[in-house]
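Single-structure report; data block below.
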Amino acid sequence: MTEFRLKRIGMIMEPEPGNPQEVEGVLNPAAARGPDGQLYLFPRLVAEGNYSRIGIARVRFDEAGDPTGVERLGIALEPEAEYERRSDGGGGCEDPRVTFVEPLQRYMMTYTAFSSNGPRIALAVSEDLFHWQRLGLATFAPCNGIALDSVDDKDASLFPVAIPNPSGTPELALLHRPLFPGTRPEETARRPASRTLDIDRESIWISYCPTTLQGEEHDRFGKFTSHHRLATPVSPWERLKIGGGTPPILTRHGWLIVYHGVSDLAEPNSEAHQLCYSAGVMVLSKGHPQVIRYRSAEPVLKPELLKERSGTIANVVFPTGIDRRADLGSSDRFDVYYGMADNRIGVARLDLPEFLSPGAIADPPQAKI
């Protein structure tokens, strides 16, 4: 087998009737195995007015080992810090990813903090997955004369081990998706299908920072630097935008990432632009993760079920959590947790192929679509 295959297992979480914290949806969860070996999800819980918290839930499994549902355990984070709150009383702690970072021997959460300034990447740390300490917003050195700290940013996740930066020094590496002006899918959908990519902007980026926490109380990271454009939109199913999905996880082929791409469902000559979010696979080199070894020519998962095509936002599958099923003795099986139409959470099984397809898509510097 040379192709990645992803098979749906089912929906495992949806808004709880009568729960005001979930009235507008449960979606886009982080996933992590705790010190007790149990699997925990950290879903985004959306209350009225798009007020988002990050919950905690323990996953339940059937006798075959497939996930079947969750047990709600409370709240991990809710908008409290200034950078998580808006002047109108709203706020957001959104779309988390969780990684156990070996150099720190801690769980690290990256999430989107949504304040009046727009979405920014925030960080939190935990020893047990139940108690989280905020580390503030991620800070970035300028890039090509652009102050990245003032640019909207989302879809961030950390590598679990130190990665060589462009100078060869092992550092923490962050995947993220700066939302430069003009690069949102709602904006790019209005452009011709033959548009030329602005390759320095419409991309997934990788940035680096030292592997130690800084500050008097060791409560913050240093600046992320050495910014590198990792991948741009290439295939038709991701024409409008690509962004990070699941945190990188090491396989025998390299670093596996299930990412998302956005295309346009609009009819020709139509003024309306309906977006479609699908999922693909990327494999990065183990020793040099700036090198893409494999990339999906076609999505491994796209909105097909009614609960993926109808919801808060139609036509969305959005991968954010991944769990290697070593507990079943299968290091090549991964369960991928994803948002369904921005309203529910589904899970699908991804089996690692024996070989990587030799026809992997490159990401050429002058890519055009």
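Return yes or no: is A64 assigned to a loop (DSSP other than H, G, I, E, B), within 18 Å of D335 (Cα to Cα) and of a type in the set (A, V, I, L, M, F, W, C)?
Working: assigned to a loop (DSSP other than H, G, I, E, B): yes; within 18 Å of D335 (Cα to Cα): yes; of a type in the set (A, V, I, L, M, F, W, C): yes.
Yes: the conditions hold for A64.
When you check G168 against the structure, is it out of contact with any strand residue (DSSP E or B) (no Cβ under 8 Å at 6 or more places or on another chain), modelled with pLDDT of 95 or more and either more than 24 Å from P15 (Cβ to Cβ) or of a type in the set (V, I, T) (or both), yes or no?
On the way: out of contact with any strand residue (DSSP E or B) (no Cβ under 8 Å at 6 or more places or on another chain): yes; modelled with pLDDT of 95 or more: no; either more than 24 Å from P15 (Cβ to Cβ) or of a type in the set (V, I, T) (or both): yes.
No: the conditions fail for G168.
Any idea how many residues of the stretch 325-357 are closer than 17 Å to V59 by Cα, outside any strand (DSSP E or B) and of a type in the set (D, E)?
The qualifying residues number 1.
Name the residues in the stretch 1-23 that are modelled with pLDDT of 95 or more and among the hydrophobic types (A, V, I, L, M, F, W, C), would you? Show your work before the answer.
At the first step, the residues of the stretch 1-23 found to be modelled with pLDDT of 95 or more are 7-23.
Residues satisfying the conditions are I9, M11, I12, M13, V23.
Which count do you get for residues in the stretch 14-50 that are within 18 Å of T246 (Cα to Cα) and part of a strand (DSSP E or B)? Before you say what the answer is, go through the steps one by one.
Within the stretch 14-50, the first condition is being within 18 Å of T246 (Cα to Cα), and the residues that meet it are 26-34, 39-44.
Next cut, part of a strand (DSSP E or B) only: 26-33, 39-44.
Final tally of qualifying residues: 14.
Any residue at all in the stretch 297-319 that is in a strand (DSSP E or B) and either over 21 Å from V26 (Cβ atoms) or small (G, A, S) (or both)?
In the first step, residues of the stretch 297-319 are kept if they are in a strand (DSSP E or B); the result is 301, 316-319.
Next cut, either over 21 Å from V26 (Cβ atoms) or small (G, A, S) (or both) only: none.
No, there is no match, as no residue in the stretch 297-319 is in a strand (DSSP E or B) and either over 21 Å from V26 (Cβ atoms) or small (G, A, S) (or both).
Going residue by residue through the stretch 181-201, is there one that turns out to be modelled with pLDDT of 85 or more, surrounded by 13 or more Cβ atoms within 10 Å (Cβ to Cβ) and either in contact with a Pro (Cβ under 9 Å, 6 or more places away or on another chain) or among the acidic types (D, E) (or both)?
no
So is G136 on the phi > 0 side of the Ramachandran plot and either in a strand (DSSP E or B) or modelled with pLDDT of 95 or more (or both) or not? Break it down stepwise before answering.
On the way: on the phi > 0 side of the Ramachandran plot: yes; either in a strand (DSSP E or B) or modelled with pLDDT of 95 or more (or both): yes.
Criteria met by G136.
Of the numbered conditions (1) among the β-branched types (V, I, T); (2) buried (at least 22 other Cβ atoms within 10 Å of the Cβ); (3) not in a strand (DSSP E or B), T110 satisfies every one except a single condition; which is it?
Every condition holds for T110 apart from (3).
Does the stretch 86-107 include one or more residues that are farther than 22 Å from P248 by Cβ, of a type in the set (A, V, I, L, M) and either touching a Pro at 6+ places or on another chain (Cβ under 9 Å) or outside any loop (DSSP other than H, G, I, E, B) (or both)? Can you show your working first?
Keep residues of the stretch 86-107 that are farther than 22 Å from P248 by Cβ, which gives 86-93.
Of the ones still in play, those that are also of a type in the set (A, V, I, L, M) are none.
The answer is no; no qualifying residue exists.
Filter the stretch 82-103 down to residues that are crowded, with 16+ Cβ neighbours inside 10 Å and farther than 27 Å from S330 by Cβ, then give me how many there are. Lay out the reasoning, then the answer.
To start, the set of residues in the stretch 82-103 that are crowded, with 16+ Cβ neighbours inside 10 Å comprises 83-86, 90-101.
Filter again for farther than 27 Å from S330 by Cβ, leaving 83-86, 90-95.
Residues flagged as crowded, with 16+ Cβ neighbours inside 10 Å and farther than 27 Å from S330 by Cβ within the stretch 82-103 amount to 10.
The values are calculated or read from the model by the stated rules, or taken from the named source; none is laboratory data. Keep in mind that what you see is a predicted model, and the values were worked out from it rather than measured. Cβ atoms come from the backbone with ideal geometry, glycine included; neighbour counts cover every protein chain shown.
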